[in-house]
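The values are calculated or read from the model by the stated rules, or taken from the named source; none is laboratory data. Here the structure is a predicted model, which is why all the values come from computation and not from measurement. FYI the Cβ positions are ideal-geometry reconstructions off the backbone, even for glycines, and counts take in every protein chain you see.
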Amino acid sequence: MRKGLTMSLIIECGSANYGEGFGNISPLKKLTRGSGESYSYISRQALRYNIIQQMGCDNTPVEEKGSGTKKVLQFHTDADIINYAEIDLFGYMKTDSGEKATTRSAVVRLSNAIALEPYAGDTDYLTNMGLAARLKGAGNSIAQSEIHQSFYAYTIAIDLDRVGVDEDNGEIIYVENSEKINRLKNFLDTVMFLYRDIKGRRENLSPVFVIGGIYDRKNPFFENRLQLFKGNLKIDIIKQVIDSADSIKENTEIGYLRGTFRNDRDIIEQLKPVSIKEFFENLKKKVEEVYQ
């Protein structure tokens, strides 16, 4: 059984995750690389939230545990992976009445989606003029939001041998293989058509480029290897990773939305990509083969 599914994706969107604001300013979540330039990012928690919601499995019951000011929300102690796909794929921490904690580490792991182009300090100047005009200018407030339109790259890694297997009170419980396949197909369909609602906008997070497959190793081979230079996808880095082992070359496939990058012809000629749809359809077939 091949144990690891991994894929790295490039999406294109704008201003999809904000940090804690101050005053009338909404700053984007950003990080700084060695060059000193800032890059906005979408946190893995934000991606998880949208994936779970759009998969339709954000129904795992929760409860408060602890006392006084130390109460915390957690998944209900009676929730199990058989009935709830969310905790099967993304893990849990539960505390029983004796305050003994049990945990399940995530089977599906997400990285942050980090911009491939630096943030240049652009801001959007906002007012509520439309409403204020109804009261002849009264109460016209001003706000500013940082904005950044960019390509972003993130990686998904799935431990296929751990899907649908869990220890509950010393007993190993299993999910049927058919249900494992359904859950992973639902996950892949969701990633293919993912979107994010933020500040009155709906941002399209569907991939324009995706590379990966199912492997014996669980290494996320293409994480941090998708890079742009002046609108061109760096092909040489990708080819070096593919050529680093026969098992990678044999099991890797690439999906691409033609016309996205400036070096479109080179991508098509050197990487031989299929369409985004065909990539995900092929990957779902490989998932079926794993559990048959």
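When you check VAL108 against the structure, is it within 23 Å of the chain's Cα centre (by Cα) and of a type outside the set (Asp, Glu), yes or no?
It is true that VAL108 is within 23 Å of the chain's Cα centre (by Cα) and of a type outside the set (Asp, Glu).
I want to confirm something. Restricting to the stretch 30-75 and keeping residues that are of a type in the set (Asp, Glu) and without any contact (Cβ under 8 Å) to a residue 24 or more places away in the chain, which single residue is surrounded by the most Cβ atoms within 10 Å (Cβ to Cβ)? Break it down stepwise before answering.
As a first pass, look at the stretch 30-75 and keep what is of a type in the set (Asp, Glu): 37, 58, 63-64.
Keeping just the survivors that are without any contact (Cβ under 8 Å) to a residue 24 or more places away in the chain gives 63-64.
Values: GLU63: 15, GLU64: 9.
The residue in question is GLU63.
Please go through the stretch 27-40 and pick out each residue that is modelled with pLDDT of 95 or more, more than 11 Å from SER150 (Cβ to Cβ) and either of a type in the set (Ser, Thr, Tyr) or under 23 Å from the mean Cα position of the chain (by Cα) (or both).
Scanning the stretch 27-40 gives PRO27, LYS29, LYS30, LEU31, THR32, SER38.
Just to confirm my filter: which helices (runs of 4 or more DSSP H) fall fully inside the stretch 230-278 and include at least 1 residues that are under 19 Å from SER206 (Cβ atoms)? If you could, list the steps in order and put the result at the bottom.
On the way: elements: 235-242, 246-251, 264-271.
Here the list reads 264-271.
Please go through (1) more than 25 Å from ILE158 (Cβ to Cβ); (2) under 21 Å from the mean Cα position of the chain (by Cα) for ILE52 and return the number of the only condition it doesn't satisfy.
(1)
Working carefully through the options PHE279, PHE221, find the one that is surrounded by 14 or more Cβ atoms within 10 Å (Cβ to Cβ), in contact with a Pro (Cβ under 9 Å, 6 or more places away or on another chain) and touching a residue at least 24 places away in the same chain (Cβ under 8 Å). Spell out how you get there, then give the answer.
Values: PHE221 fails: in contact with a Pro (Cβ under 9 Å, 6 or more places away or on another chain).
PHE279 is the lone residue from the list that is surrounded by 14 or more Cβ atoms within 10 Å (Cβ to Cβ), in contact with a Pro (Cβ under 9 Å, 6 or more places away or on another chain) and touching a residue at least 24 places away in the same chain (Cβ under 8 Å).
Okay, residues lined up against (1) touching a residue at least 12 places away in the same chain (Cβ under 8 Å); (2) more than 30 Å from ASN24 (Cα to Cα); (3) in contact with a strand residue (DSSP E or B) (Cβ under 7 Å, 6 or more places away or on another chain):
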{"site": "ASP78", "(1), (2), (3)": "yes, yes, no"}
{"site": "PHE90", "(1), (2), (3)": "yes, yes, yes"}
{"site": "THR95", "(1), (2), (3)": "yes, yes, yes"}
{"site": "ARG104", "(1), (2), (3)": "yes, yes, yes"}
{"site": "ASN128", "(1), (2), (3)": "yes, no, no"}
{"site": "ASP161", "(1), (2), (3)": "yes, yes, no"}
{"site": "GLY164", "(1), (2), (3)": "yes, yes, yes"}
{"site": "LEU184", "(1), (2), (3)": "yes, yes, no"}
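Pick from the stretch 133-164 the residues that are small (Gly, Ala, Ser) and touching a Ser or Thr at 6+ places or on another chain (Cβ under 8 Å): which of them is modelled with the lowest pLDDT?
Applying the first criterion (small (Gly, Ala, Ser)) to the stretch 133-164 yields 133, 137-139, 141, 143, 145, 150, 153, 157, 164.
Still in the list and also touching a Ser or Thr at 6+ places or on another chain (Cβ under 8 Å): 141, 143, 145, 150, 153, 157.
Numbers: SER141: 77, ALA143: 87, SER145: 94, SER150: 98, ALA153: 98, ALA157: 98.
Ranking the qualifying residues of the stretch 133-164, first place goes to SER141.
Being surrounded by 14 or more Cβ atoms within 10 Å (Cβ to Cβ) and out of contact with any helix residue (DSSP H, G or I) (no Cβ under 7 Å at 6 or more places or on another chain) is the filter; apply it to the stretch 157-167 and report the residue that is farthest from ASN83 (Cα to Cα).
First pass over the stretch 157-167, keeping only residues surrounded by 14 or more Cβ atoms within 10 Å (Cβ to Cβ): 157-166.
Imposing the further condition that a residue be out of contact with any helix residue (DSSP H, G or I) (no Cβ under 7 Å at 6 or more places or on another chain) reduces the set to 157-159, 161-162, 165-166.
Values: ALA157: 23, ILE158: 20, ASP159: 19, ASP161: 19, ARG162: 16, VAL165: 12, ASP166: 12 Å.
Filtering the stretch 157-167 for residues that are surrounded by 14 or more Cβ atoms within 10 Å (Cβ to Cβ) and out of contact with any helix residue (DSSP H, G or I) (no Cβ under 7 Å at 6 or more places or on another chain), the one farthest from ASN83 (Cα to Cα) comes out as ALA157.
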